[in-house]
Each structure stands twice: as C-alpha cells, then as structure tokens.
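Below is one structure, written out as structure tokens, with a few remarks after it.
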Amino acid sequence: MSDKTEVWQGTLALMILKTLEAMGPLHGYGIARRIEQTSGNLLVVNYGTIYPALLKLEQEGFIDSEWGMSDNNRKAKYYRLTRAGRKHVEKETQDWEQATAILARFLAPGEEHS
Amino acid sequence: MRRLRAWFLRLGGLFNKEQRDRELAEELESHLQMHIEDNLRAGMPPEEARRRALIRFGGIEQAKELCRDRRSLPWLETLWGDICFGVRMLRKNAGFTAVAVITLALGIGANTALFSVIDAVILRPLPFDSPERLVAVWETSLRLGASRTVLSYLNFVDWKEQNHVFERMAAFHTADFTLTGVEEPANLSGAVVSSDLFPLLRVTPRLGRDFLPTEDNPSTAKGRPVMLSYGLWSRRFGSDPHVIGRAINLDNQPYTIVGVMPQGFQYPIQSKPIELWTTILVDMITTDQSKPITTQRGAHYLGAIARLKPHVSLQQARAELETLANAQAKQYPDTNKYRGATAEPELDRLVGDIRPALLILFRAVGCVLLIACVNVANLLLARATVRQKEIAIRSALGATRGRILRQILTESVLLSLLGGVLALLLTLWGTNGLLAMSPQNLPRLNGVHLSARVFAFTALVSLLTGLLFGVLPAIRVSMSGAAESLNEGGRSATSDSRRHSRLRTTLAAAEMALALVPLVGAGLLMQSFLRLQRVKLGFDPANVLTVNLGLPEARYTAAQQAAFFRQLLPRLQSLRGVRSVSAVYPLPLGDDQISISLEIDGRPVAKSEQPSTNYRTAAPDYFRTMHIPLLRGRDFTERDDEKAPPVIIVNETFARRFFPNEDSLGKRIKPGLATLPTGAVMREIVGVVGDVKHHGLNSESGPEVYEPQNQMPFSELTLVIRGDNDPRSLISALREQVQALDKDLPLFDAKLFEEYLSASVAEPRFNTLLLTIFAAVALALAAVGLYGVMSYSVAQRTHEIGIRMALGAGRWNILRLVIGDGLLIIIFGIAFGLVGAGLATRLMAGLLFGVGSLDLPTFVGVALLLGLVALSACYVPARRATKVDPMVALRYE
C-alpha cells in the first residue's frame, strides 16, 4: 500500500512538473483538470491529493507560487516552474523513458531480444 | 541538498502557523469555487455542482492535514507537546521535581567540576603548533630503575646529530638569574636552552630575532644573548620597542637582548613563570679552571624535547633512541654502561604524574552520578505506580506503547537537563573551591574554566543521565496493561506493584554497592595520608626559616664564597631571637637534589660500577640547627677549612650499607664532585648522623654524605635559621645583615620550612580531600535513596501492618519486620560493593602509602560505616510503621 503511494507520488510530481512546463503558470485546480484531461480521463484521482504534492515540490525548490487572478476574476494561487524545476523535469523524463523502455521489454510477449 | 533545503523550510513551518493555515484554506476554497463554476457552466443545478466538486476533491480536512504534516515537522511538534506536558507535570509535583533535580545536580555537578579540571590539565593540547608531534626525550637509568632522568649534554649532542626520527631536538634547564642595573636587583626565573628550542616549538619572537645556531657555542657567538619574556619586557623595560641590542647585567655578566617572546609564551611550563631565556653557551664558560658541565658525559642535568618527523611514530622514535643509547654504552662504558633512552608525549612531562589520580577521581564521581541516577529512577518508579491510571487512560484512548515511552522519557530528560543547568551553577562555584584546594604543582590549572567543551560534556552527560534513569521506569510503566490497571480501581497490592517493589529494592542494593566503592577508596587514601603525616622526617621543621642566597660567580671565586658565608653566619647568629643558624645545599624537601658517584678507599671498582650516594654540603652547626641527631663522631667546625684535612659526615643508611660490620668512623671515601681547583679528594668520615627524608615524606632514605661548606663551597646556599619562636619576625633583620656585606645581592624570599613540608603533601591532601568529598556525597545520596525506598514500602504496606497489629503483633515485631527488609538490601549491597571495591582499588595502588590496596581494616571499617548509616536510614520509616494505628489502617481501604 505505502509502496504504491510512493510510486504514485513520484509520478504525480512529474505529471505536475510536465503540466507546468507545457502550460506555464497555473493554479492547483487547473493542474488537476489538465492532468485528468491529458490522461484521457483514465486517471481518476482526488483533486485534494495534488496540494501536498505541490507543497513538497515548492519546498524542494522546483516550483514557486504567487497569488494572482484567474480568468474569471477569482483570486487563486498560481504555480510556476523554476529553473531548477526545468532541469529536474529533463532528468526525470529521461529516467522515466529509460525505465519504461526496460519494463516494455519484459512486458512485450513472445518477442525475444534480437 | 534539496532535502536539506526542504527540511529547513519545514523547520520554518513551525512558526507563523495560523497565517499558513488561512492561506491554505483560501487556496482550497478558490479551487472548489472554480470547480463549482465550471460545473454550473456545464449545466448542473447549483446543489449538484457543489456536491460533485466536493466528491471529486476528496476529504478537504484530510488534504489540509496532509499539507500541515508536510509543511512542518510533525515529530518536532509532538516533541514540543511532550515537553509542554512534561513541564506541567513537573510543576505540579514541585516536591518530587526539586528532590530529583537537586540529586541530579549533585551527581552531574561533581562530574562537570572534575571534568573542567581534567579538560584543562590533561585534555587541553599544549599551546604550540602540532603539539601531538612533540615528544619529551629522557635518559633511563637501568641501575636505579629510573624510567625518566635528565640528559647529559654530550649524550644530547650525540642523539641530536645521529638520529633519523626527529625534525629538531632541543635541550633546556631552568636557572635563576640576578638582574642588576635595571632598577633594583631582581632574582628572575630563567631557562638555558639550545638555540633550536623556539624553531622546534614553531614560535617566533614578537620583537627581534631567534637565537642563532652559532650562539650554542662561546667560540662562535658574539657575547651572551638573552631573550625576554613579554612580562619581563613590559614590567622592567616599559615595553620599549628599542630594547633590542641593549646590554644588561645578569649574574654580573654582560648579556645582549636579542628578542622578546610573544605574550603568554612559556617553555618549560611550570608554576613559576620563566622570565628570560639564554643559550646553552653559558654552561660552557667557567670562571675558574674546572671542567664545564657540558664536557662531562656523566653530568645529567638537561631536559630534552624533540619534534617527530612526519610519519614517524613514537614507537619508532623509542626504538631509534634505544639503538643510539646501546651504541653509546659500548663506546663510553664508564659513564653510559647503565644508561638507556626513551621518549614519551611531551604532554606527559607535565601531566604524566597527575593523570592517574585525576582518572581515579573521575571514576569516583562516575559512581556518584550512577547513584544519583538510581535514586531518581527509584523516585520515578514510585511515581509510576501513582500514574498508572493516567497511562492506562492514555493507552485506552489509542496512544501506542512507543508514544507513551516517548512521553515518559521526555519527562526524565527534562529533569536531567534541569539538573544539568543547576549543575553548571554548582560547578561555577565548585571549581573555585577545587582551585583553592589544589596543590601548587598541579600544572595548567589557570586554564580551568567553563569552556565550550565543559558545556558540551555537561549537556551530553545530562542527556545520557536522563535516558539512563528514565528508561527502566518508562519500560515498566508502558508495559502494564491498560485494562488491568483500569479494572484495579487504584488498588495497590497487586502483582504489578510487587514487581515494581522488587525492582526498587534491587536498585537500592545497587546504590549501596556503588557507594561502597568510593568510600573504600577514600578510606584507603585517608589511611595513607595519616601515615604520611606520621612519617618521621629525621629533623624538626618547626620555627625554621629558610633563605636562598646565590652569590654571582663572576664576583666570587670558590674561596671567596666560603669566606662570605664564614662572615655572614656569625652576624646572623648574634641577632636577637635566633637560636642557631647554618647553611646547606640542596635543602631537604627542596626541588634540587644531587646524586654523585663514590669511591671507597681500599675497594677499587671499575668506574661504571661505582656506587652512588645523595650529596649535600653543609656549614658548621647544620645538624644542631635542624635537630638532626649526631649518632657518632663530631659535627663540622670552623676549623674544617680548605687548609685542614678533608672530612665528611655520612648518614646512618650510608654507614650501614657500605660498612655493615665495622665502624665507619675513620674510613676514607671520595665523592666524585669538586668545586675547588684541587679536585675530588679522599675524605675521612668524622661523624654519622640520623637519616632524613630528603626527597619527600613518601620516599625512602638513601645513603647520604655531607661535606663541610668551607672545603666544598657552593655559590648557592640555603640559610637555615632556627628562631626562638615564629622566625618570620627576623626577616628584615636578616636582609639588613646580608645587604651590609654585599649591597648588590637581590632580596630573596624567606620561607618557613613548614611551607616546603605542606607543599610536599599538597597533592596527597588534594586527592584525599576530593575523594572524601565525593564519597560523602555518594554516602548521602545512597542513604537518601534507601530511606526513600523504605518509606515508600512502609506506606504501601500500611494496610498489611495494620492487620498484623490488629492480630496482636507488637511494635517490636513490626520494627523487626521493616528493618529486616532493609537489612537484606544492605547486606546484598555491601557484599557486592566489597567485591567491586576490591577490583577498583587495585587501580589506585600507586596513590597509596603504607597501606595495601586490599587493606582489610579499611574494608571492614567502611562497610560497617555504610551499614550503620543505611540502618539509620531504615530506622526512621520503621519507627513510622510502628506508629500505624490498626483501626485507621484498616478503614483506609
């Protein structure tokens, strides 16, 4: 159970960072919606879990935040990728790609490596 | 790095909590509102829009809680909560807290005070660059079994030139100098050193230059150089920056100031500061025809220090020195056949002698601290029974065992930290007391203060103490089942509390055992000290005044020195209040001692096999003045001068050792020492005197010879003056008489002989006093601990005692019942304590005098003392038990 959460938290962090990289500064609600859309609604997760993840990323210095106004003139806290965050995304992306490539070899049936 | 940053931010999250909470709430609220708006836009009715948004979000409170945990450090907040609760508990039980804190403060304070001394004296490195590479180099005497003796100059030069292990090597000895021509004449402590010393220590003069290598030899040096200490420079020379190159007079010889050492520099380190340094060339110049001491391979008088080359170990250096010494033994058998060489860390030169005593004292205060721990643990155990219900409720409400353990340990650490703070205050006051009691020769005591290291030590000890005494009660308490305790309804006579009480009595017995160890140690030291005081000195020091007088060799030839004292002594004898007066060198119990080789007429032996003897020169009337009994023959008289036949007086041990079955009077011996140009001659023994403890109270009297001062003049003598009563009133008259003969002589300090005596017992007195104080604290703490356990047990058994009395038990039976319990604790405690003490006292054999480390009377006596004190600690609660009113006790339930 806890292992799963850890994996989930790791991936969630990367999703948040990727979203911010693609969309620019965005508030928590926006990030949650965007992740849901990008996953093609396959990923259904409580929006509330995104906030502790945001806090952690902010403490680690990958993102920072600022109060601003939303499109509908509502006060909201906007998150923005920092320079360290950009580097981190790059590195994490590579790691993930490598990890999934390796896993794919195991998961693909019948195809012995040639 | 990222983690650390996050950690600090979270630490910051402990503060400003409310604003952060508000901001979080606002953020989440805006999230919900945006979601609701989107839902409304999608065409949902308002109720449904809100409901859907809330569901998709998940638990708002959970999200907030997760954020809160993430924002700061939850365990730190819990700790803070525990501390607050602990402080409240301790304040509520002020009596308990006070007793525990004072007990701990005594235990920790004793440790801190002693540690501050150990820190300053033993642990603090020497104030030089890379002090761990500095070694003290010694000769050893295989024949005398001496492991550390000073070097002769020729041996020093050979080792310095031939070794491959030392970067540099330097020699030194201390000497007194008389400074004239700058204000009034002054007697200054100085050191004669080889020019390598300051570069070896890596210290450069504050002003002027180092000694030059050419200044180690009179043939290459331009005059005699002198280096001033900062103190002398500022005191006598007004901190004059142009002092370099100035000529001054020391012992009536011209010296040139070449430099001023930096403030605080001292070498060799001793209690009386060194004020000036000159080079070894002064030892190579003699005013008469005698051979300079630096040319005599058998004249051992130099200390030596060396700096190890990088990557050379102390063991390698020792091996090399041994090889060199062996080669010398073959090359110069006359002087070196029985000489070895060794090295030790330079710090040991200073503290090697005092270290064992301090470490033993440290173990004793360790015992005191352990007793304090056990005491407080017992108090906590007693209280744990009271708190059982509180704990049960907590665990019923879901507190885990670890959580409760942490809560209780937090409280004990709080207690011990409070004790630590109080201990620091005690130490502040206690170290002053320690310093006041400490012997003058304890080196580096001026450095004793509450340093950062002492603070760290106190903090660490307090923390460990808290964990140590807290952990047992904590485990006990957290182990007791919740349901059990709640069901009991506070009834005390349960299996659980019996378990507690067994633990408590075991702890009390352990305390007895722990207290016995320092008590036995103190008992042994006291025995030694008493025996030391009863030692027969061989002379009577009461009402004897001593005055050191040095005649400058530049102005006085040996014959003139003799003449000066021949003139002075009758003048002093005629003063009112002087009973008798004489002079001697070296003074008994003084710092200087002379040992020389000896030839006996008619018993020729190889030079290397010659026996040795202690040596003194004495003026007429010396034995009468000192009350040293003349056993046979006669005293020296004025007629024993350089024209008369050479004579000598020996002590009883000498006569017995060298002439066992014959009369020593009339025999002829030749001590290998001469100050007159005629050289050493055969001398006839004209008298035998009683033995004197020359080297200190705990030394053996060896063979000893006295030569008449008129036939063996010394430039430095100590006047001994026996007055009718307190001779201090004579000092000014004495000075007048000395000045009348030579007004350029500096005014020396006069000292009562008894001051030498008390200095020689200062260290044993210090050790005895300290260990006795620590043992007394241990005894008191153990007694209080036993009293606490017994009182508590009586209180617990009130009901039972009531029943017994109702059934007809008399007061005597009750008294016996309670005291019997106590007696069991005492007997077990003492039995284990005696075993422990037997093991521990072996370590202190070196500190004892005239008493074995397993001295039976001491062991028995101390055990009885402890037993009696412990019994009286039991008696008070036992008496209380007999006062129990059966009716009240029975109704109580």
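Observations, loosely collected:
- Odd one out for B:Ala94, checked against (1) within 28 Å of B:Pro268 (Cα to Cα); (2) without any contact (Cβ under 8 Å) to a residue 24 or more places away in the chain: (1)
- All of B:Arg624, B:Arg657 fail the test of being outside any loop (DSSP other than H, G, I, E, B), in contact with a Pro (Cβ under 7 Å, 6 or more places away or on another chain) and surrounded by fewer than 21 Cβ atoms within 10 Å (Cβ to Cβ), apart from B:Arg657.
- In the range A:42-59, the residues that are at the interface with chain B (Cβ under 9 Å from one of its Cβ atoms) and either loosely packed, with under 14 Cβ neighbours inside 10 Å or not in a helix (DSSP H, G or I) (or both): A:Val44, A:Val45, A:Asn46
- Flag if B:Leu40 is at the interface with chain A (Cβ under 8 Å from one of its Cβ atoms) and either under 10 Å from A:Gly48 (Cβ atoms) or at pLDDT 85 or above (or both): no
- B:Leu104 being of a type outside the set (Ser, Thr, Tyr) and either out of contact with any helix residue (DSSP H, G or I) (no Cβ under 7 Å at 6 or more places or on another chain) or within 30 Å of B:Ala474 (Cα to Cα) (or both): yes
- Helices (runs of 4 or more DSSP H) contained entirely in the range B:255-362, each with at least 1 residues that are over 30 Å from B:Gln560 (Cα atoms) and basic (Lys, Arg): B:314-331, B:346-351
- In the range B:392-407, the residues that are hydroxyl-bearing (Ser, Thr, Tyr) and either crowded, with 17+ Cβ neighbours inside 10 Å or assigned to a helix (DSSP H, G or I) (or both): B:Ser395
- For B:Leu350: the one exception among (1) crowded, with 22+ Cβ neighbours inside 10 Å; (2) farther than 30 Å from B:Gly81 by Cα: (1)
- Unique residue being under 30 Å from A:Pro52 (Cα atoms), of a type in the set (Asp, Glu), more than 14 Å from chain A (Cβ to nearest Cβ) and in contact (Cβ under 8 Å) with a residue 12 or more places away in the chain when the list is B:Glu77, B:Glu47: B:Glu77
- Of everything listed in (1) within 14 Å of chain A (Cβ to nearest Cβ); (2) in contact with a Gly (Cβ under 9 Å, 6 or more places away or on another chain); (3) surrounded by 18 or more Cβ atoms within 10 Å (Cβ to Cβ), the single unmet condition for B:Thr103 is (1).
- Yes/no for B:Thr174 being among the β-branched types (Val, Ile, Thr) and within 29 Å of the chain's Cα centre (by Cα): yes
- Selection status of B:Pro713, more than 19 Å from B:Ile596 (Cβ to Cβ) and assigned to a loop (DSSP other than H, G, I, E, B): no
- Within the range B:709-718, tally of residues that are buried (at least 24 other Cβ atoms within 10 Å of the Cβ) and either modelled with pLDDT under 85 or more than 20 Å from B:Arg555 (Cα to Cα) (or both): 2
- The residue pairs whose first member lies in the range B:52-64 and is within 7 Å of chain A (Cβ to nearest Cβ) and in contact (Cβ under 8 Å) with a residue 40 or more places away in the chain, whose second member is crowded, with 16+ Cβ neighbours inside 10 Å and not charged (D, E, K, R), and whose beta carbons are closer than 6 Å, counting only pairs six or more residues apart or on different chains, do not exist in this structure.
- Given (1) closer than 25 Å to B:Gly723 by Cα; (2) out of contact with any Gly (no Cβ under 6 Å at 6 or more places or on another chain), index of the condition B:Gly690 fails: (2)
- Residue satisfying all of: in the range A:7-41; touching a Leu at 6+ places or on another chain (Cβ under 9 Å) and of a type in the set (A, V, I, L, M, F, W, C); nearest to the other protein chains (Cβ to nearest Cβ) among these: A:Ile31
- Taken over the range B:849-871, the criterion of being of a type in the set (Gly, Ala, Ser) and touching a residue at least 12 places away in the same chain (Cβ under 8 Å) is satisfied by B:Gly850, B:Ser853, B:Gly861, B:Ala863, B:Gly867, B:Ala870.
- Residue check for B:Leu817: in contact (Cβ under 8 Å) with a residue 24 or more places away in the chain, more than 38 Å from the chain's Cα centre (by Cα), in a helix (DSSP H, G or I) and surrounded by 14 or more Cβ atoms within 10 Å (Cβ to Cβ): yes
- Residue in the range A:60-93 that is farthest from the other protein chains (Cβ to nearest Cβ), counting only those that are of a type in the set (Lys, Arg) and in a strand (DSSP E or B): A:Arg80
The values are calculated or read from the model by the stated rules, or taken from the named source; none is laboratory data. In this text the structure is predicted, and so the values were computed from the model without any measurement. Note: ideal-geometry Cβ built from the backbone for every residue, glycine included; neighbour counts use all protein chains shown.
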